[in-house]
Amino acid sequence: MADWVEIVVTVDDARAEDVAAAVAPNGAQLRVGEVVFWVDVADAESAVAAARAAIAPFHLAPSAVRAQPAVPEQEWRDAWKRYFRVERLTPRIVIVPSWETYQPVDGDVVLHLDPGQAFGTGAHASTQLCLTALDGAPPVDRFFDLGTGSGILSIAAAKLWPNATGLAIDVDPLAVDAATENCARNGVGDRVECSGRPLARVDEAFPLVLANIQAVVHLQHVAAIVERVAPGGALVLSGLLSGEVDGVAGIYVAAGMTLDRIVRSDRDPEWSAAHLRAPA
């Protein structure tokens, strides 16, 4: 970790997940009273400035953000273990931390997960919205996971549909590493390609596209994301605050998609997802 520093945001635990999604869409972790994410040491100053701008809507002072040397790996892994427990997130999907044991019941789809330094334990409402969408979706033979984080959505899709293969990409190399390890841990590494490939270099159209990313990223890549959805295929946009989901969905409709529905999280109504479909 010599080339990395931690960006730490001091925040009360009740708002930690929302702040994490705002300051670090590509991956953050929680400690007691803190949100933590990692950047290259050369990017520390700009990352602090960006995080201070991102926390303004939460009425947190700029001094809540600081950069510091990264703590040893064992310390942040031990911190996660205090928060991350076995949890059923949909009627079938159960998340099991790699250090926990769980005896499944009939019909369970068990995801063994170690998020490492990547976003995605399933605890955040935006991830739960995507998992719920997967649990209720018809099978596909191919899927695309944009902004994969820990790989949780790709693992769920691959386990729900044993004949499916997928591509999972992320701009954060730490996320790609975590997703690769988690896919292997769950026995789907041979069916899910985890890559740092830029979206612009993905030249395939998929019957299902999952994009659990911030609204600003959704809006930056409208055309590219729409092009990745095969004719008649489904697009799930998550990572959206309920106050912005209609506007983002409307822009995708204007780009040629059809809106199926808006789904608000029943765990945290501040977050919503948009389900869209490409013309056949």
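Can you confirm whether the range 241-259 contains a residue that is in contact (Cβ under 8 Å) with a residue 40 or more places away in the chain and within 18 Å of the chain's Cα centre (by Cα)? Let's see the steps before the verdict.
Residues of the range 241-259 in contact (Cβ under 8 Å) with a residue 40 or more places away in the chain: none.
For the range 241-259, residues in contact (Cβ under 8 Å) with a residue 40 or more places away in the chain and within 18 Å of the chain's Cα centre (by Cα): absent.
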**Request:** Enumerate the strands (runs of 3 or more DSSP E) found wholly within the range 171-280, keeping only those where 1 or more residues are hydroxyl-bearing (Ser, Thr, Tyr).
**Result:** 192-195, 229-241, 258-264, 271-277
**Item:** Evaluation of residue 270 against (1) touching a residue at least 60 places away in the same chain (Cβ under 8 Å); (2) farther than 18 Å from residue 154 by Cα; (3) in contact with a Pro (Cβ under 9 Å, 6 or more places away or on another chain) (one fails), failing number
**Value:** (3)
**Prompt:** Taking the stated definitions as given, is residue 145 crowded, with 20+ Cβ neighbours inside 10 Å, among the acidic types (Asp, Glu) and modelled with pLDDT of 95 or more?
**Reply:** yes
**Prompt:** Looking only at the range 200-217, which residues are touching a Lys or Arg at 6+ places or on another chain (Cβ under 8 Å) and over 19 Å from residue 248 (Cα atoms)?
**Reply:** 202, 204, 205, 206, 207
**Hey, residue 162 in contact with a Leu (Cβ under 9 Å, 6 or more places away or on another chain), surrounded by fewer than 24 Cβ atoms within 10 Å (Cβ to Cβ) and assigned to a loop (DSSP other than H, G, I, E, B) or not** = no
**Message:** Being basic (Lys, Arg) and in contact (Cβ under 8 Å) with a residue 24 or more places away in the chain is the filter here; which residues of the range 195-205 pass it?
**Reply:** 197
**Options 242, 272, 265; residue that is surrounded by 20 or more Cβ atoms within 10 Å (Cβ to Cβ), assigned by TED's automatic domain parsing to the domain that holds residue 223 and not hydrophobic (A, V, I, L, M, F, W, C)** = 272
**Message:** Quick check on my filter: what residues within the range 172-194 are within 29 Å of residue 4 (Cβ to Cβ) and either touching a Leu at 6+ places or on another chain (Cβ under 7 Å) or free of Cβ contacts under 8 Å to residues at least 12 places away in the same chain (or both)?
**Reply:** 182, 184, 186, 189, 193
**Item:** Given (1) at pLDDT 90 or above; (2) of a type in the set (A, V, I, L, M); (3) touching a strand residue (DSSP E or B) at 6+ places or on another chain (Cβ under 7 Å), number of the condition residue 105 does not satisfy
**Value:** (3)
**Request:** Among residues belonging to the range 2-32 that are surrounded by fewer than 15 Cβ atoms within 10 Å (Cβ to Cβ) and modelled with pLDDT under 85, point out the one that is farthest from the chain's Cα centre (by Cα).
**Result:** 2
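The values are calculated or read from the model by the stated rules, or taken from the named source; none is laboratory data. None of the values given here were measured: they were computed from a predicted structure. So basically every Cβ, Gly included, is an ideal-geometry build from the backbone, and we count neighbours across all protein chains shown.
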